[in-house]
Amino acid sequence: MKWIKMQLATTTEAVDLVSSMLDDLGVEGIEISDFVPLSEEDKQKMFIDILPELPEDDGSALVSFYVDPETDVEELKANISVELSDLRQFVDVGSGELTVSETEDKDWINNWKEFFKPFRVDDTIVIKPTWEELTEKKDGDLVVEIDPGTAFGTGAHETTKLCIWNLKKYLKKGDIVFDVGCGSGILSIISMMLGADYTAAVDIDPIAVGVTAENAEVNHLTATLCEKGADGLPVFTGKSGIIEVTDGNVIGDEALRKAVGLEKFDVVVANILADVIIPLSGVVREFMKPGALFISSGIINMKQEAVEEALRVNGFEIVEIVTQGDWVSIVAK
């Protein structure tokens, strides 16, 4: 599908107000380009081989957005012009020059791929985008190929790395694993590669379910989308050697929790967010065998205590806490 791309020349000072204005006019998403220098922390979080050299920050910014071909572009341009005139009373909006061009989906959906390069999680685990060649590989390396598509999860973020480290440390050959919030499927795939006998995976995003299955296939694993029973619930077979995937919300859906399996899993892993892990801690024990482990991540350090408290209130014992940067992973049983 072809889209109309519009670019508005403005200033970094006005970006927030311009963004709000465009939102009011029905624009559903924007992309901001500027020359604001990267902080040292930002640089450390960018998993690319060579950092881009940016020109000196001159306070300018480009706000890009996309509208479908049925949009009355002239009317939208006129409305933007009126709104910019109003904003000029409060802030320097820059030239306000608006340019229009045509673009394909692939031009803006896939641009991020040029920044996703193969990288090493630890001494033996390598994450490789499906479209990249792996130039350096050691004997014994476990290479995981990933194309996250529009689902979350390349493995590059600290939260995912922490989960991978803990899976590598605690998962035993033959374990049964439940991946809550599977995203691109990276943790399900690595669990199977590390020796799990079976993995169930659930995500609230239906797109993630398909991406997980596709990534499993790329890594020569078998993943199946759960069929629905007469009651409309997914049917998990628990068959050895496979990943079974479905969409849904296990926190608020008791019937789904029963369908996934009660007291069934040796390891439950959830790389989500602290605000989701806290309520999840109230139901996750239902899935776990006695002595099973709950590996959680996606926890910003300022919310670590709240997550620990929720786990203890719900009967968990903290086994280990691992950190990287501002992020925390908690292993509990």
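Order of Glu217, Glu13 from fewest to most other C-beta atoms within 10 Å?
On the way: Glu217 11, Glu13 14.
If I rank by nearby Cβ atoms, fewest first, I get Glu217, Glu13.
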Could you check the spin-label model distance between Glu136 and Glu214? Points 7 Å from the Cα along Cα→Cβ, value in nm.
3.0 nm
Burial ordering of Cys163, Cys226, Cys182, fewest other beta-carbon atoms within 10 Å first
Cys226, Cys163, Cys182
My understanding is that a pair violates if its Cα-Cα distance is over 28 Å; which of Lys168/Lys333; Lys137/Lys172; Lys128/Lys333; Lys161/Lys228 do that in this structure?
Lys128/Lys333; Lys161/Lys228
Extending each Cα 7 Å along its Cβ direction at Lys333 and Val82, get the distance between those two points in nm, one decimal.
6.7 nm
How far apart, in nm, are the 7 Å Cα→Cβ label points at Thr71 and Asp205?
2.2 nm
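Taking every DSSP beta bridge with both residues inside region 163-332, roughly what % is antiparallel (nearest 5)?
Taking every DSSP beta bridge within region 163-332, about 35 percent pair in antiparallel fashion.
Once the piece of chain linking Val36 and Lys2 is laid out straight, how much longer is it, given 0.36 nm per residue of separation minus the C-alpha distance between them?
Full extension of this stretch gives 9.2 nm more.
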With r defined as the distance between the Cβ atoms of Thr124 and Thr99 and R0 fixed at 56 Å, what FRET efficiency is calculated, to the nearest 0.05?
0.70
Listed by chain and number, the residues whose amide H is under 5 Å from that of Cys182, excluding neighbours fewer than 5 places away on the same chain and using placed H, are Val202, Asp203
Taking Cα centroids, how far is region 219-248 from region 63-92 in Å?
47 Å
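The numbers here are math on the coordinates, done by the rules we state, and not lab data. The structure presented is a predicted model; accordingly, all values stated were derived computationally and were not measured. Note that we place each Cβ from the backbone using ideal geometry, even for glycine, and neighbour counts take in every protein chain shown.
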